[in-house]
Amino acid sequence: MSDAHPARSTAGEWFATMVSEYDSLIRRAVPRYEEMTRELTASLPIAADRVLELGCGTGNFSLALAARYPSGTITMVDAAQEMIEVTRDRIAAAHPAVASRARYVTAKFEDLALDDGFDLIASCISLHHVRDKEPLFAALRRMLSPGGRLCFADQMRADPEDVNQRNWDAWLAFCRLPGNCTEAEIEQLVEHAGAHDHYETVAQHLGMLDRAGFRELDCLWRSGMWAIVTATG
């Protein structure tokens, strides 16, 4: 691993070192990233007054949420304060009315202590940083208003293992395409995944959501390691 981004003990600390290059890297390291973000946005409910975003990063999906819910109140959560500051500035510049009502919370998802009554909880490529997702899904279910929606895109395992390995190899091949990632960046990403990422299959996600009391469970989109899952509280 290069000295530019030394190993960090938490995912939030790792991402804090990546702020300046994150927007570029995510597009070079995630196949069909723009398509996935569009599909995730399309899966959202038409109306939502109170929205919670888990893992705002530098605000790519946050901007889509602000555009979709110009009259809504959005709470954006990230473990890296550096990421939140970038998102805050981007929302203020692009959607000042939304920015005037927005709330920003620096916290790990497992440590959130928020009021209930959200109409939508959404996340784009962040929940895989949580090791034990079942308690988190139960907490998110309690935070939703009746009939509220949970919509998220994330990295997921595949079954059987040979298919999972094929997906991993295909991702590495994508990263190595001309103009995408350098070998140093790939090394950083692989090391980060080994230290901080916790993948489950789509079936495991749906099972945990079911046990947490969600209904209308679905996987709306899938491409290799990435999938979009939706549920109703």
Response to the item:
Of the listed residues (36, 18), the one being out of contact with any Pro (no Cβ under 7 Å at 6 or more places or on another chain), at pLDDT below 85 and farther than 18 Å from residue 91 by Cα is 18
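Results for (1) open to solvent by 30 Å² or more (accessible area, probe 1.4 Å); (2) within 23 Å of residue 55 (Cβ to Cβ); (3) charged (D, E, K, R), shown as yes or no for each residue.
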{"residue": "155", "(1), (2), (3)": "no, yes, no"}
{"residue": "160", "(1), (2), (3)": "yes, no, no"}
{"residue": "175", "(1), (2), (3)": "no, yes, no"}
{"residue": "191", "(1), (2), (3)": "yes, yes, yes"}
{"residue": "195", "(1), (2), (3)": "yes, yes, no"}
{"residue": "205", "(1), (2), (3)": "no, yes, no"}
{"residue": "220", "(1), (2), (3)": "yes, yes, no"}
Worksheet item: Are there any pairs, at least 6 apart or on different chains, whose C-beta atoms fall under 8 Å, with the first in region 161-180 and free of Cβ contacts under 8 Å to residues at least 12 places away in the same chain and the second surrounded by 13 or more Cβ atoms within 10 Å (Cβ to Cβ) and part of a helix (DSSP H, G or I), and if so, which?
Response: 176/186
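Test of understanding: among 117, 148, which residue is closer than 19 Å to residue 73 by Cα and either among the aliphatic types (A, V, I, L, M) or touching an Asp or Glu at 6+ places or on another chain (Cβ under 7 Å) (or both)?
Details: 117 fails: either among the aliphatic types (A, V, I, L, M) or touching an Asp or Glu at 6+ places or on another chain (Cβ under 7 Å) (or both).
Criteria check complete, one pass: 148.
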Worksheet entry | Residues (farther than 20 Å from residue 224 by Cβ and among the basic types (Lys, Arg)) located in region 132-161 | 133, 141, 142, 149
Item to complete: Exactly one condition in (1) farther than 25 Å from residue 64 by Cβ; (2) in a strand (DSSP E or B) is not met by residue 191; state its number.
Response: (2)
Worksheet item: List the pairs whose first member sits in region 195-220 and is assigned to a loop (DSSP other than H, G, I, E, B), whose second member is open to solvent by 60 Å² or more (accessible area, probe 1.4 Å), and whose Cβ atoms are under 8 Å apart, counting only residues at least 6 apart or on separate chains?
Response: 198/131; 199/157; 200/157; 212/134; 212/141; 213/141; 214/141
Discussion item. Being in contact (Cβ under 8 Å) with a residue 60 or more places away in the chain, in contact with a His (Cβ under 7 Å, 6 or more places away or on another chain) and not β-branched (Val, Ile, Thr): is that true of residue 149 here?
Written reply: no
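Here is a yes/no grid of residues against (1) under 20 Å from the mean Cα position of the chain (by Cα); (2) small (Gly, Ala, Ser); (3) modelled with pLDDT of 95 or more:
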residue	(1), (2), (3)
146	no, no, yes
154	yes, no, yes
160	no, no, yes
168	yes, no, yes
189	yes, no, no
193	yes, yes, no
201	yes, no, yes
Fill in: Among (1) open to solvent by 40 Å² or more (accessible area, probe 1.4 Å); (2) in contact with a Phe, Trp or Tyr (Cβ under 9 Å, 6 or more places away or on another chain); (3) at pLDDT 95 or above, the one test that residue 226 misses
(1)
Worksheet item: What residue, of 138, 102, is closer than 23 Å to residue 22 by Cα and not acidic (Asp, Glu)?
Response: 102
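Take the residues in region 177-188 that are open to solvent by 60 Å² or more (accessible area, probe 1.4 Å) and not in a loop (DSSP other than H, G, I, E, B), then tell me which one is nearest to residue 133 (Cα to Cα). Before you say what the answer is, go through the steps one by one.
Of all residues in region 177-188, those open to solvent by 60 Å² or more (accessible area, probe 1.4 Å) come to 177-179, 182-183, 187.
Next, from what is left, pick out any that are not in a loop (DSSP other than H, G, I, E, B): 183, 187.
On the way: 183: 31, 187: 27 Å.
So, considering only residues that are open to solvent by 60 Å² or more (accessible area, probe 1.4 Å) and not in a loop (DSSP other than H, G, I, E, B), the one nearest to residue 133 (Cα to Cα) is 187.
For region 98-148, enumerate the residues that are of a type in the set (Lys, Arg), within 26 Å of residue 82 (Cβ to Cβ) and either open to solvent by 60 Å² or more (accessible area, probe 1.4 Å) or not in a helix (DSSP H, G or I) (or both). Before the answer, list the steps.
Of the residues in region 98-148, the ones of a type in the set (Lys, Arg) are 101, 103, 108, 131, 133, 141-142.
With within 26 Å of residue 82 (Cβ to Cβ) added as a condition, the list becomes 101, 103, 108, 131, 133.
Scanning region 98-148 gives 101, 103, 108, 131.
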Response to the item:
Pairing a residue in region 54-66 that is touching a residue at least 12 places away in the same chain (Cβ under 8 Å) with any residue that is open to solvent by less than 10 Å² (accessible area, probe 1.4 Å) and among the acidic types (Asp, Glu), where Cβ atoms lie under 9 Å and the two sit 6 or more apart in sequence or on different chains, gives 61/53; 62/53; 65/53
Item to complete: Would you check if residue 231 is touching a Leu at 6+ places or on another chain (Cβ under 6 Å), part of a strand (DSSP E or B) and surrounded by 15 or more Cβ atoms within 10 Å (Cβ to Cβ)?
Response: yes
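The values are calculated or read from the model by the stated rules, or taken from the named source; none is laboratory data. Being a predicted model, the structure only gives us computed values, none of them experimental. Cβ sites come from the backbone with ideal geometry, for glycine too, and all protein chains shown count toward neighbours. Surface areas here come from the heavy atoms of the whole protein model, side chains and all, with no ligands, DNA or RNA. Shrake-Rupley method; radii C 1.70, N 1.55, O 1.52, S 1.80 Å.
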